Amino acid sequence: MKSEFEKDILGEYDKFSLSENLIEKESLRKSIREKIIAKTELNSLDYQLLGLIDTGSDDWRNNSKKIIENLKKAVEKDKSNFMAQLYLAHIYHDIGNLELALKNYLKVDTKALKKFQLWRYVKLIEQIGFCTYKLGNETAGIVFFEKVLNWYMKTPENGLARPSELLECLPENHRIVIEIKKIEDYLE
């Protein structure tokens with residue numbers, strides 16, 4: 001059961017993540033940070049939110065070390081925090097460190113993620129495939145992309161995430177790309 005503090009801070013974070021107003025976003029970022037830092041002892045969620053509010057900034061690249069540090073602390077505080085683990089992998093991916101991205105993607109509790117949100121689970125498979133492919137093991141990467149295609153074929157109505165990494169790796173005439181485009185007709 002969530003404490004009042006957690007409900008409040010998560011509500012504020014939801015407003016932050018949905019806001020497109022830069023002034024409001026910065027005000028919310030500052031408020032969230034102040035509330036978390038004021039706590040005597042920070043937990044996994046606190047560190048996760050500190051990392052996430054910085055990923056939502058225009059200068060997130062300049063703060064990537066701090067983001068990584070906070071997400072690592074989130075995982076250290078609670079090894080079962082699969083979302084912090086996923087976000088840690090994402091930040092490595094976003095800064096181009098595919099080796100560490102892959103290492104961290106492989107640590108995500110896939111059963112918990114799949115139960116939480118299927119689209120994130122399928123995207124994780126694609127991201128593992130992307131890193132594997134880009135790190136030189138194209139054959140293994142394609143195996144992961146094949147799994148992604150199978151999910152698209154099984155669940156076309158579930159609104160899976162855009163298969164951007166798969167499309168970036170494979171040529172347009174690759175069978176997987178052709179099949180994905182048949183299912184996701186907005187990709188044409």
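Scanning the range 98-118 for residues that are under 12 Å from the mean Cα position of the chain (by Cα) and free of Cβ contacts under 8 Å to residues at least 24 places away in the same chain gives N104, Q117.
Within the option set V148, V143, being at pLDDT 95 or above, of a type outside the set (G, A, S) and either open to solvent by less than 20 Å² (accessible area, probe 1.4 Å) or touching a Leu at 6+ places or on another chain (Cβ under 8 Å) (or both) holds for one residue only, V148. Candidates in the range 2-47 are the residues that are of a type in the set (V, I, T) and in a helix (DSSP H, G or I); of these, the one that is surrounded by the fewest Cβ atoms within 10 Å (Cβ to Cβ) is I23.
Once the range 78-113 is narrowed to residues that are among the charged types (D, E, K, R) and assigned to a helix (DSSP H, G or I), the residue that is least open to solvent (accessible area, probe 1.4 Å) is D94.
On the stretch given as the range 159-188, residues that are surrounded by 12 or more Cβ atoms within 10 Å (Cβ to Cβ), in contact (Cβ under 8 Å) with a residue 40 or more places away in the chain and not aliphatic (A, V, I, L, M) total 1. Being out of contact with any helix residue (DSSP H, G or I) (no Cβ under 6 Å at 6 or more places or on another chain), open to solvent by 20 Å² or more (accessible area, probe 1.4 Å) and over 21 Å from L113 (Cα atoms) is a property that holds for K65. Of everything listed in (1) farther than 23 Å from V143 by Cβ; (2) in a helix (DSSP H, G or I); (3) open to solvent by less than 30 Å² (accessible area, probe 1.4 Å); (4) of a type in the set (S, T, Y), the single unmet condition for S57 is (2). Can N63 be described as at pLDDT below 95 and not β-branched (V, I, T)? When the stated conditions are applied, N63 passes them.
The values are calculated or read from the model by the stated rules, or taken from the named source; none is laboratory data. Here the structure is a predicted model, which is why all the values come from computation and not from measurement. Neighbour counts are summed over all protein chains in view; Cβ atoms, including those assigned to glycine, are modelled from backbone coordinates with ideal geometry. Ligands, DNA and RNA are stripped out before the accessible areas are found, and what is left, the full protein with its side chains, is counted by its heavy atoms. Shrake-Rupley method; radii C 1.70, N 1.55, O 1.52, S 1.80 Å.
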